[in-house]
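To keep things clear, I will list the structure first and then write my remarks on it.
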């Protein structure tokens, strides 16, 4: 991209240089009004549209309409190749627009992009600075004006206006094009920033998603180690202590205090085994591996909510096929968080859970008739960690390319709807039925 502060108009004849042909008469009120209206329309497009092509088309059409023209185009600079190509155009053949690729400094538009100086030409077909004379002759272009598109001091492209008949472009035309060009330059810069932001978000989502996958795999590995090593050892220790208790009771070995301590140690061993089992389930839900997403969510909801006196209705449909590991774990963790919130905070009497697959997406809804809260307020995570669950649910859904909508009002319960696109194939559904035991 060229960087310059110059805006010199380069004439094409002695008459131009002397100003005889470029001296403009005083602009009429109607013309001034039209120019202000054009600038207003372009400004509204720049500020209101996120699509760069749509913004460029509005700017080009507005400019041609204001100047009573029908031929024009906007060329943008490719940073990698340092070339100019047409992004939008009017009144030009597709062959001309597609083949007209200019290096910086090549042709009139290339010079404008390189130097930042506008150029006014009365007959493009005979101008020695022009490139691609055969295409220009075939197109029949005569009068031509080219101005740089700037963002701050950087040239991002050029704006061209042409005519197939002799025409005298005025300095007012040039000033209008410069004003529009500056606004279009801002739009191009904004589009590049949005594109960079989008790429950074995609990179973040990719990294975060793979981090979650790695996290779940590590949880599974730890769960298997606990089962294969720690849990098995505790089971063996418990059986040995049970045998010692039976021997002590049968042979009247040891006094009462010894037997009480032996029984206490045995109970501690059993308690440790139970706690290890709970840890294994939290690290890697066995039901998710063995039963699938829908039944696993229903089982967790019943085990968590029914002891709290909350009636649970859980349904699922279209769940015959398994889904990729990250999808199942992501939705299961979201469901865990939502169900835990119901148990801890809602004081609800009823909870309704549904998971279903359509042709386009997976939809999970979790609803309760409890206290509710003001869901219109932004989610904030305080120092105590409050709000972390809702934030985590939304973040997990986003990492799966989906959404998590939370609707709630004080006294009117809460409804959480998670939608994740079904973009994967059967071949993507890997790691199913992993033996986490």
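Bear in mind these aren't lab numbers, they're just calculated from the coordinates by the rules spelled out. All values derive from a computational prediction rather than experimental measurement. A quick note on method: Cβ atoms are made from the backbone with ideal geometry, for glycine too, and the neighbour counts reach across all protein chains shown.
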Item to check | Most mobile listed residue (377, 129, 150) in the chain, GNM with C-alpha springs under 10 Å | outcome: 377
Checklist entry - So how much slack lies between residue 51 and residue 245, counting 0.36 nm per residue of separation and subtracting their Cα-Cα distance, in nm? => result 62.0 nm
Item to check | Angle between the chain longest axis and helix 52-66 axis [Cα atoms, degrees, rounded to 10] | outcome: 20
Checklist entry - Top mean-square fluctuation among 256, 340, 143, Gaussian network model of the chain, C-alpha springs under 10 Å? => result 256
Checklist entry - In the stretch 53-92, which residues have a backbone nitrogen under 12 Å from the label point lying 7 Å from residue 37's Cα in the Cα-to-Cβ direction? => result 65-67
Item to check | Fully extended contour minus Cα-Cα distance, from residue 303 to residue 44, at 0.36 nm per residue | outcome: 87.6 nm
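Taking 60 Å as R0, compute the FRET efficiency from the Cβ-Cβ separation of residue 165 and residue 210 and round it to 0.05.
Numbers: r = 61 Å, r/R0 = 1.01.
Using R0 = 60 Å, I get an efficiency of 0.50.
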Item to check | Protection proxy ranking of 249-255, 390-396 - average other beta-carbon atoms within 10 Å, highest first | outcome: 390-396, 249-255
Checklist entry - Taking the Cα atoms only, what angle lies between the long axis of helix 325-341 and the longest principal axis of the chain, rounded to 10 degrees? => result 70
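Using the Kirkwood radius built from alpha carbon pairs, what does the Stokes-Einstein equation give as D for the chain at 10 °C and 1.306 mPa s, in µm² per second? Please list the in-between numbers first.
Working: Rh = 28.1 Å.
It diffuses with D of about 57 µm²/s by this estimate.
Going by average Cβ density within 10 Å per residue, which order do the peptides 132-141, 412-421, 344-353 take, highest to lowest? Don't skip to the end; give the middle numbers.
Details: 132-141: 15.6, 412-421: 20.0, 344-353: 18.1.
Ranked from most to least packed, the peptides come out as 412-421, 344-353, 132-141.
Take the Cα gyration tensor of the stretch 34-143, multiply each eigenvalue by 5, square-root it, and list the three semi-axes largest first, rounded to whole angstrom. It would help to have the intermediate numbers written out before the result.
Details: eigenvalues 118, 59, 36 Å².
Semi-axes (√(5λ), whole Å): 24, 17, 13.
Of the peptides 310-322, 357-369, 157-169, how do they stack up when ordered by the mean number of other Cβ atoms within 10 Å, highest first?
Values: 310-322: 14.8, 357-369: 18.3, 157-169: 19.8.
Averaged packing, sorted descending, gives the order 157-169, 357-369, 310-322.
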Item to check | Spacing of the two label points (7 Å from each Cα toward its C-beta) at residue 127 and residue 274, in nm | outcome: 8.9
Checklist entry - For a label point 7 angstrom out from the Cα of residue 199 toward its Cβ, which stretches of the stretch 76-109 have the backbone nitrogen within less than 19 Å? => result 76-85
Next on the checklist: Which of rounded, prolate or oblate describes the stretch 95-171 when judged by the alpha-carbon gyration tensor and an a/c cut-off of 1.5?
Outcome noted: oblate
Checklist entry - Taking Cα atoms, how many degrees apart are the long axis of helix 29-48 and the longest axis of the chain, rounded to 10 and kept between 0 and 90? => result 20
